[in-house]
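Novice: This structure is in structure tokens; I'll ask about it shortly.
The values are calculated or read from the model by the stated rules, or taken from the named source; none is laboratory data. Quantities reported herein were computed from a predicted structural model and do not represent experimental measurements. Note that each Cβ is placed from the backbone with ideal geometry, even for glycine, and that neighbours are counted across all protein chains shown. Keep in mind that these areas ignore ligands, DNA and RNA; they rest on the heavy atoms of the full protein, side chains included. Shrake-Rupley method; radii C 1.70, N 1.55, O 1.52, S 1.80 Å.
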Amino acid sequence: MKPSQFAKGFQARPDTTSSEKRTALDRLNAIDGLVQRNAPKTPDLPDRPSQPDIKLVQEEADETQSLNESPAYHVWRVEHGYRPGQVIELALKAIKPSPFNPRHFYLKSSIAELAVNLAKQGQQQAIHVIPDYDNPGTYYVSDGGRRVRALKEANKETVKAIVIDLPIGIQSYKLGYDLNVQRDSQTVFDNAVVWKRFLEDKHFQSQKELAEHLGLDESTVAVALSIAKLPEPVMHEMVARPDRFGSNMAYQVGRYHSARGADATLRLINKILSDDLSTRQVADIVKGRATAQESTKPPGRQRYAQRLDIKLDGVAVGDLKSYGDDRLELRLRGLSREKRDDILKQLEQMLLSK
């Protein structure tokens, strides 16, 4: 896609047309309506209009629809005989990530679990794609990046998709961003990486302009951009635990990294998880009121003697701690059901063996 086309969606101007004023939910509801409209019809009952009348109504609806379509989408749709909202099968190799995908991080454990479900049950929900008009036969993912990755891992060759009329740019980003926020799957780390790239690529001239386009406080954008200074391997250690690393905690970790570097920051992250540190306690460490080596546990709580981090496919899933001479504590999370059951079986065999 040409650079100029990327920039079209990022012109800094207020929304003026009715199409631009539609929210992401409006667009999603419109798509759902089209899917329902194109669903198989039940047989006509005696009091329903005759088939010719239904055909006439459909043709009038199609004509109205074409007036609201972008020229490029209309040409593509007519050429392919596609009806808006129709679910079709596309080759997975023809699907590619959008440069304006609001998600950046995908947990391998989550993708693996979804892949198992798709292999057993098949794809239940169609993804949304946008044609790449400069490269016919290929499509950008607008919604469903996680499903695409899981289908590939499940060795599938096709994907069910709805082809939508949306430019690759700020509108497609806003749609994906709003949907992810509703699903509670958008993280501050996704925002950090993507927003930093938007500014580096000059899609926005300042963080203030970016905040205005997204309808957010400038302080929210500023916090995310400060987190973006963290190396991605450090961010990966926190992405798997959104319950522990929200924007405030990640911001403090970012400050610590600026002063101490990556290795010390990774040790701090491990301590946050193992000792269940609060954001205030981490802020004290950053300010020098406490150290990352100090015990912040209540008096009388036993300190572990040794701790081993456990990773699967490069993703942190838990730890193994030893206490005194006779105690072990294993904590694992984010596992697929199959992986969990396999680990349980191996532990049982090991503990029951003589």
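Novice: For the stretch 59-186, give the percent of accessible area contributed by carbon and sulfur heavy atoms, probe 1.4 Å, rounded to a whole number.
Specialist: Carbon with sulfur: 48 percent of the solvent-accessible area.
Novice: Now, a different point. Taking just the alpha-carbon atoms of the stretch 157-270, what radius of gyration and Dmax come out, in angstrom?
Specialist: Cα-based Rg and Dmax for the stretch 157-270 come out at 15.8, 48 Å.
Novice: Okay, next question. Using the Karplus equation 6.51 cos²θ - 1.76 cosθ + 1.60 (θ = phi - 60°), what ³J(HN,Hα) coupling, rounded to whole Hz, does each residue of the stretch 237-246 give in order, writing x for Gly and Pro?
Specialist: For the stretch 237-246, the Karplus curve yields 5, 9, 4, 5, 10, x, 5, 9, 10, x Hz.
Novice: For residue 83 and residue 135, calculate 0.36 nm times their separation in residues minus their Cα-Cα distance, and state this gained length in nm to one decimal.
Specialist: Taking 0.36 nm per residue and subtracting the Cα distance, the gain is 16.6 nm.
Novice: Grab the Cα-Cα distance for residue 158 and residue 94, subtract it from 0.36 nm times how many residues apart they are, and report the gain in nm with one decimal.
Specialist: Full extension from residue 158 to residue 94 adds 22.1 nm.
Novice: Ranked highest first by average number of other Cβ atoms within 10 Å, how do 254-267, 337-350 line up?
Specialist: 254-267, 337-350
Novice: Please give, to one decimal in nm, the separation of the simple spin-label points placed at residue 105 and residue 258, each 7 Å out from Cα toward the Cβ.
Specialist: 2.0 nm
Novice: Give me the number: length gained by fully extending residue 197 to residue 236, i.e. 0.36 nm times residue separation minus the C-alpha to C-alpha distance, one decimal in nm. Could the numbers behind the result be given before it?
Specialist: Details: separation 39, 0.36 × 39 = 14.04 nm, distance 1.76 nm.
Here the answer is 12.3 nm.
Novice: What's the ranking of 143-149, 170-176, 273-279 by average number of surrounding C-beta atoms within 10 Å, highest first?
Specialist: Highest mean packing first, the order is 170-176, 143-149, 273-279.
Novice: Taking the Cβ-Cβ separation of residue 308 and residue 206 as r and a Förster radius of 51 Å, what is the calculated FRET efficiency to the nearest 0.05?
Specialist: 0.65
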